[in-house]
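Asker: Have a look at this one.
The values are calculated or read from the model by the stated rules, or taken from the named source; none is laboratory data. Note that the structure is predicted; figures quoted are calculated from it, not measured. So basically every Cβ, Gly included, is an ideal-geometry build from the backbone, and we count neighbours across all protein chains shown. These accessible areas exclude ligands, DNA and RNA; they are computed on the full protein's heavy atoms, side chains included. Shrake-Rupley method; radii C 1.70, N 1.55, O 1.52, S 1.80 Å.
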Amino acid sequence: MTRIRSQFLCAVLCFGTGLLACLLQFSLSDGRGETNLALVFDSGHYQETANLIRRAVAEHRVGSELMANLNLDGPVLPGLGALSIAAFGRAFSLADWRCLLGVQYILHGLGAALICLLLNEICPGSRKCALTAGLVWAFNPVAVLAGQRFLAENLAADLVLLLLLLSCRALERVVRLRFLLWLGTGLCAGAILFVKTGLAPAVALVLVLALVYSIGDRQSVRWNQLLAMLLAWIIGLSAFVLPWAILTASVGKMELFPQRAPVLNLFVGWNFENDGLSTLPVAPYPSFLQKEYEHSGSPAQAVLKLWLHEPVASLKLTAKKIVRLYSLPWNDFRRSCLFLSPLMMQFLHLTVLAIALCGFFALVVGRRGPRAVWFSLVLFAGHFIFVLFEAVPRYAFSSYALLFLAAIWYLRLVWVKARGDGEEQFLTKAASAAARQRLAFHYARIIVPAAAVALFCIVLCRLGVSSEWQSRLDAGAQAERLFDWPDAAPGQGAFVLIDGTRQIADCRLTVNGQEVQGRPVSLTSLFPERLEGLVFARQVVAFMGRSDADLRQWWVMALPPDIAIKARSNSIKLTAPTSGSIKLAGEYSGAALSRPGYLYYSPGKIWTSNDSFEWREGRAFSDRALSGQSLLNGQPLKQKGNWRLFLVAGESRDLGRLLQSGAVN
């Protein structure tokens, strides 16, 4: 009884610390005048759904708008939001968004408490370790930042941890109210399916493993208890599935789970031209994928045939998606948190990832370990299902707590082994050869996976290296590209394309020795139907505390008729303004071409980077490699490549047709 009371008090302390950490970050953000992220994009959509639920309850009517929102957001988190607004909003006269943030702060505190309780299961007899880990998680900057937005990731992480805790407690030899614990497990599984439907296979495998553990431990669970376990799971799952099925059937087609546009998300994730990222507006699917889907009617079968048709491209895209999931912590708007910069947060994230992978490796090789760690491995592996869709760090957030558990378990394992069995024996002259071999093998099991995981993390970072660069040109600096164009036609009109930031508009342009009058203009401004993407990107960088001057864009400038394109020795020279600097992009010679396009824009490109402001997707207008030589202030570049200073042959009124035809050098 004393042990249970002690664990409970430690969990309460971790819960309270988590709340304080969220409140501290809110006060820091408010003091810096940062825009409240709880009101924007998906977070704002969840809030809208919560208010629609309140209206539907008041009017006793479910409208089509509410059902459409529930299909996208699911009923669980918006339902919690509606309850919090109804309860806290009335009791304390709080604004809606403050009530929703209160829910997120409570969820973060619960996550810290669950970490503490789970580590009491994983490392029995080490309350200090469990308490310390819970307090560390309470101040985890990524988790605290997640509490500043009303999104499902915090809830999903808590449900995953609760599923682990209830499953492990129910599998103990002596436990009271075992049926209620299994019922709670079923309820958690059902809630996860409605919050993170993609984790369904992993949740099912955890339940199967729990069943296998129960069958293998007949002293603890008998066959009638196994039937009770299955019945509890069915009741728990039905508590979510049946009401949803009845609701959807009453307003249209019956569904068992929310349908979050699965076909669209799947096809977006396997669009090679978009690099598997969503775009504004939605780019057309690959023709092969579209034909296979029309023929078979199955999106999964269409993607499978795409894999068989283009295995190399599919493997490359899969590797990129894994990098996007785990090479960065979830911090879409690159906010600092609790005095830590985004770069420091990335370093801490990769450190925990490396240690956790060492732990999982040691677990599999040693074939022994706590059940909670085995379940954590299964659920962590289950998150790789998001590689099928647009893989962004946000989708992996619910696995961060699992990585943290595995890392703490592994560190404690190393600590116990290092302090306990064998140090003195190894140093004693009487130590046997067998003891030395055992100790050497033990340390090899620690060092080898650590080295392998460090190499894996290096590969992760290297995969994220682009085939392009971006340089800052100081005031008055000159960037020049020299090249031949044997295909040029005499007297043909032309215009210049430049890849850089907004300051390009203040630059002077010289082509073949003649200065061009006027200033470059944004290519997007010439295609009004594409301005939506630019507006969205401006909002994203504004929430990062930056301006649209940081956004990369294509800039265009038409050349007068007296400047002709020559077959040899063409020159494009860009001179930075006398006040201020510019950022100009270039690309490496011989690297895989990943030149951005101009018709579609992807905020996911910004969200999967910690420093880039590239938002254009990869439908390039030309796949011709840049030739010639590039100079900076008259000297050859240190980089092996060329500035992105393009010459396009043809009349500027035919700009769109010319870009799509690839008449670019």
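Asker: Considering only the other residues whose Cβ falls under 13 Å of the Cβ of residue 195, what net charge follows from Lys and Arg at +1 and Asp and Glu at -1?
Answerer: On the way: positive: 196, 260; negative: 73, 153, 158.
Net charge around residue 195: -1.
Asker: If you don't mind, another one. For the range 340-421, what class follows from the C-alpha gyration tensor (a ≥ b ≥ c being the square roots of its eigenvalues): rounded when a/c is under 1.5, otherwise prolate if a/b is larger than b/c, else oblate? Don't skip to the answer; put the middle values down first.
Answerer: Numbers: a/c = 2.97, a/b = 1.41, b/c = 2.10.
It comes out oblate by the Cα gyration axes.
Asker: Once the whole set of protein chains is in place, how much accessible area is left on residue 139, using a 1.4 Å probe, in Å² to the nearest 10?
Answerer: Spelled out: residue 139, probe radius 1.4 Å, area about 100 Å².
Asker: Net charge near residue 497, counting Lys/Arg +1 and Asp/Glu -1 over other residues with Cβ under 12 Å of its Cβ?
Answerer: Numbers: positive: 481, 595, 644; negative: 499.
Charge balance near residue 497 sits at +2.
Asker: Probe radius 1.4 Å, ligands and nucleic acids ignored: give me the carbon and sulfur share of the accessible area of the range 99-186 as a rounded percent.
Answerer: Numbers: 1860 of 2660 Å².
Carbon with sulfur: 70 percent of the solvent-accessible area.
Asker: Once fully extended, how much extra length lies between residue 365 and residue 578, figured as 0.36 nm per residue of separation less the alpha-carbon to alpha-carbon distance?
Answerer: On the way: separation 213, 0.36 × 213 = 76.68 nm, distance 6.29 nm.
Result: 70.4 nm gained on full extension.
Asker: How much of the accessible area of the range 221-356, probe 1.4 Å, is carbon plus sulfur, in whole percent?
Answerer: Working: 4880 of 6900 Å².
Within the range 221-356, the accessible surface is 71 percent carbon and sulfur.
Asker: Given R₀ = 25 Å, FRET efficiency for residue 631-residue 526 by Cβ-Cβ distance, to 0.05? Each step should come with its number before you reach the end.
Answerer: On the way: r = 29 Å, r/R0 = 1.17.
FRET efficiency, residue 631 to residue 526: 0.30.
Asker: With a 10 Å radius around each residue's Cβ, average the other Cβ atoms per peptide and rank 322-329, 554-561, highest first.
Answerer: On the way: 322-329: 22.1, 554-561: 18.5.
My ranking of the peptides, most packed first, is 322-329, 554-561.
Asker: Something else about it: What is the range 479-559 by shape, rounded, prolate or oblate, if you read a ≥ b ≥ c off the alpha carbon gyration tensor as root eigenvalues and call it rounded for a/c under 1.5, prolate for a/b larger than b/c, and oblate otherwise? Let's see the in-between values first.
Answerer: Details: a/c = 2.74, a/b = 2.04, b/c = 1.34.
Here the range 479-559 falls in the prolate category.
Asker: Then there is this: Sum up the charges of everything whose Cβ sits under 13 Å from the Cβ of residue 551, counting Lys and Arg as +1 and Asp and Glu as -1, but leave residue 551 out. It would help to have the intermediate numbers written out before the result.
Answerer: Numbers: positive: 502, 538, 546, 552, 583, 605, 616; negative: 499, 548, 550, 614.
Around residue 551, the charge tally is +3.
Asker: Continuing with this model, one more query. Mind checking which lysines have their C-alpha under 25 Å from residue 566, skipping anything on the same chain fewer than 8 residues away?
Answerer: Excluding near neighbours in sequence, the set is 640.
Asker: Shifting gears a bit: Ignoring ligands and nucleic acids, what accessible area does residue 341 show with a 1.4 Å probe (Å², nearest 10)?
Answerer: Only protein atoms counted, so the area is about 40 Å².
Asker: While we're on this one: Please work out the average accessible area per residue across the range 106-185, using the 1.4 Å probe convention, and give it in Å². Could the numbers behind the result be given before it?
Answerer: Values: 2590 Å² over 80 residues.
On a per-residue basis, 32 Å².
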